[in-house]
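The values are calculated or read from the model by the stated rules, or taken from the named source; none is laboratory data. Predicted model only: the values in this text are computed from it and were never measured. Here the Cβ is made from the backbone with ideal geometry for all residues, glycine too, and neighbour counts use every protein chain on show. The protein model used for the area step is the full one, side chains on, heavy atoms only, and it has no ligands, DNA or RNA in it. Shrake-Rupley method; radii C 1.70, N 1.55, O 1.52, S 1.80 Å.
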Amino acid sequence: LCRRSAPAGGDWFVNFGSYTSKSTAETWAARLKPVTGTTVVVAGVKDGKTYYRVRVIGLADRDEGNKVARGLEKALEVSRLWVGQD
């Protein structure tokens, strides 16, 4: 887990991507500059393989999540990001 700053205060998040390489995930996390929220890298295991998810967490609601997602899509020219809730 790699936190860039304290979470903002909400259980909504934007899922940016999932990578098998920790360094790739950390490189993407460092490039993200969300208007709100905190960028983190979270490790998880699926089918015996470790993946590193890059997320923007601490968002107040779905609307804020969508705003952050659309901003990142435009700034980084990536395909549509999904918003979820913990």
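Non-local amide H neighbours of GLY10 (under 5 Å, H modeled in plane, Pro and chain starts lacking H): which ones?
GLY58, LEU59
With θ set to phi - 60°, apply the Karplus curve 6.51 cos²θ - 1.76 cosθ + 1.60 along region 74-84 and write out the HN-Hα couplings as whole Hz, x wherever there is a Gly or Pro.
After applying 6.51 cos²θ - 1.76 cosθ + 1.60, I find 5, 5, 9, 6, 10, 5, 3, 9, 9, 10, x Hz.
Considering only protein heavy atoms and a 1.4 Å probe, what is the carbon-and-sulfur percentage of the accessible area of the chain? Walk me through the numbers before you get to the answer.
Details: 2510 of 5160 Å².
After summing per-atom areas, the C and S share lands at 49 percent.
State to the nearest 20 debye the size of the charge dipole of the chain about its Cα centre, where the only charges are +1 on K and R beta carbons and -1 on D and E beta carbons.
Numbers: 14 positive and 9 negative charges, 53 e Å.
With only Lys, Arg, Asp and Glu charged at Cβ, the dipole is about 260 debye.
Which of the residue pairs LYS22/LYS46; LYS46/LYS67; LYS22/LYS49 have a Cα-Cα distance greater than 24 Å in the structure shown?
LYS46/LYS67
Would you mind getting the accessible area per residue of the chain, heavy atoms of the protein chains only, 1.4 Å probe, in Å²?
60 Å²
Step through the residues of region 33-50 one at a time and calculate ³J(HN,Hα) from phi using the Karplus curve (6.51 cos²θ - 1.76 cosθ + 1.60, θ = phi - 60°), rounding each to whole Hz and writing x for Gly and Pro.
10, x, 5, 9, x, 10, 8, 9, 10, 10, 7, x, 10, 9, 6, x, 10, 8
Amide H neighbours of PHE16 under 5 Å, counting only residues 5+ apart in sequence or on other chains, H built in-plane at 1.01 Å?
Residues meeting the criterion, in which the H sits 1.01 Å from N, are VAL54, ARG55, VAL56.
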